[in-house]
1. For the list (1) exposed (fewer than 14 other Cβ atoms within 10 Å of the Cβ); (2) closer than 16 Å to MET278 by Cβ, I need the number of the one condition that SER392 fails.
2. Which of the residues that make up region 128-144 are in a loop (DSSP other than H, G, I, E, B) and buried (at least 24 other Cβ atoms within 10 Å of the Cβ)?
3. Farther than 26 Å from ASP237 by Cα and of a type in the set (A, V, I, L, M, F, W, C): which single residue out of LEU96, LEU138 fits that description?
4. Working only within region 108-127, note down all residues that are over 24 Å from THR404 (Cβ atoms) and either basic (Lys, Arg) or not in a helix (DSSP H, G or I) (or both).
5. Given the condition under 16 Å from GLY282 (Cα atoms), buried (at least 21 other Cβ atoms within 10 Å of the Cβ) and out of contact with any His (no Cβ under 9 Å at 6 or more places or on another chain), answer yes or no: does some residue in region 405-422 qualify?
6. If you take the residues in region 87-123 that are within 27 Å of TYR411 (Cα to Cα) and among the aliphatic types (A, V, I, L, M), which one is surrounded by the fewest Cβ atoms within 10 Å (Cβ to Cβ)?
7. Can you tell me which of (1) at pLDDT below 90; (2) buried (at least 19 other Cβ atoms within 10 Å of the Cβ); (3) over 22 Å from GLU370 (Cβ atoms) is the one ASN288 doesn't meet?
8. Given region 1-107, what helices (runs of 4 or more DSSP H) lie entirely inside it while holding 2 or more residues that are modelled with pLDDT of 90 or more and touching a Phe, Trp or Tyr at 6+ places or on another chain (Cβ under 7 Å)?
Amino acid sequence: MCYMAEEQQADCPLPSLIVSDVRKAQSLAAQWFYDRPSDAFTLVGITGTKGKTTTTYMTHAVMDAVTGTKTGLLSGMEHDMGGQVTYTHLTTPESLEMQQLFAEARKHKLPVVTAEISSQAYQVHRTYGQHFRYGIFLDIGPDHISPHEHPTMEDYLRCKEALLENSDVAIIVRSTDYFDHVLAAAKKADRTIVVGMAEDGECDYAASNIQKLPRGYAFTVTEKATGRHDTYKIAMDGLFNIENALAAIAVGRDMGGDPSVISAALEHLVVPGRADVMEGAGLKVFINYMHNGISCQAVLKALKKDYPGKFVTVVIGVAGQRSPARIQGVGEACGKYADRVFFSADDPDLEDPRDIDIRLAHAAADGKAEIIIEPDRTIAVERALREAPVGSVVVLGGKGSEDTQRVNGEYVYYESDPAIAKRILAELEKQR
C-alpha cells in the first residue's frame, strides 16, 4: 500500500508516489489497476453542449441492434455494464469509477460501450489517457463558462475537441459552431466522418426529404461513400434529433450494420425525460431536458415549426452556481419563442431559486412571453397545465424525469415533472 500525491506528506508513514499532476496520474493508475479494460470492447464517446444523453441512448440502441446482443451504457442518467444498473447525477464518472465500470463491461463480455463524455471530464482529467474507437462531437455553444466551470470559451472548446483527438474515428455534426476549428482537431483521428442536413453542406451522411410524423420524423439518409439512399424514422420531435440520430447511424453503418436493422432500433426509441410526450385534456405536454440557451432555442423553434399557431407554455429554471451566460441564454430563448413562461426551481443548490428566477425574467423581458415567477416547481407545473389554453402545447423543461432537487448541497425528493403532469392531466380530463 502507498499513497499518490503531488507533495510528500511528512506525517504519513506509507511509501509515496510523487507525481506532477495527481488527477492525470489517478486516471492512468486506474487504467493500469484494472488492466486497461476498454481494450476488450469498442468504446464510443459522445460530447456536445446539447443532445449528449439523447445521442448516447440512440447509439446504444443501434449498438444493441447491430451486434445482436446487449451492449454497455454510461450516461448522465444511468450506468449499465451488464450487471446491476446504477443511477447517477454525474455525466461522466471519476476516473477510478469509470475504469471499474469498464472492467465490469469486460467481465460481462460486452462488445461495445457507449459513453456520455462531458467537457468537465477532460478539464479535470477524468478521461486522461483514455482512448476511444469512435468520438462524436454534436455541437458547442456559449454555455458552462463560469468560475465554477470553464474559464473561457476557448477552454470549453479545447476540452470538447479532446475527445476527437483521442479517438480512432471522429464524427462531427456539420451544423456545429466552430466547425472548421473542430474539423481541424478531428484530423488527429485516423478518419473523420461528417453528418448533417443536406442543406448544411457536404456530408458523409446527409439527411433530406424530411417528413413530420404524428410523433417524430421520417427522413432519407444519403451515404457519400456508397451512394445509398435509405429511409429512417425516429419517434422524437425536434429536427435536431435527426442530427443526433445521424451520429448514431454513422457509427452503426461504419460497424457494418444494415440500414433496416439500424432504422428499426431508432423507430420507436424515446429517451426518458428528453423527448417524452403526454397528451390529455386537450393539451400536448413535452418533457424535455433543455437546460441552456441553445437547447431551449432548438426545442422551442422546432415546436413552433411543428405546431404552428399553437400557444406554448414553458416551465423552466437554471441550476445554482451556473454561468450568467446560461441564465441569459435560457431567459432570452424562452422570452422570444414561448407565449407564457413560468420560471421556477431546477436544482438551486446553494442559491435562492427566486433570485435565479428574477434574473431569468430580466433576461426574458425583451421577448413577447408573459412571465410568471414561481420558485415552487410543483406549483409552477400545476399552474402551467391548469392555465394552458385547450389545444395548446406545454413544455416542462430542464428536469426531465428527475425525482430530486439539489438544495443546499443535498438531493431532496421532488415528485418529478412527468408524475405531476400525469396527475394534473387526469384531474383536468375529469373536469373537461
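1. Going through the list (1) exposed (fewer than 14 other Cβ atoms within 10 Å of the Cβ); (2) closer than 16 Å to MET278 by Cβ, SER392 breaks only (1).
2. GLN130, LEU138, ASP139, ILE140, ASP143, HIS144
3. Answer to the check: LEU96.
4. Of everything in region 108-127, those that are over 24 Å from THR404 (Cβ atoms) and either basic (Lys, Arg) or not in a helix (DSSP H, G or I) (or both) turn out to be HIS108, LYS109, LEU110, PRO111, VAL112, VAL113, THR114, HIS125, THR127.
5. Taking every residue of region 405-422 in turn, at least one turns out to be under 16 Å from GLY282 (Cα atoms), buried (at least 21 other Cβ atoms within 10 Å of the Cβ) and out of contact with any His (no Cβ under 9 Å at 6 or more places or on another chain).
6. LEU90
7. Exception for ASN288: condition (3).
8. Result: 22-33, 95-107.
The values are calculated or read from the model by the stated rules, or taken from the named source; none is laboratory data. Please read all numbers here as calculations on a predicted model, not as lab measurements. Because the Cβ atoms are built from the backbone with ideal geometry, glycine has one as well, and the counts that use them run over all protein chains shown.
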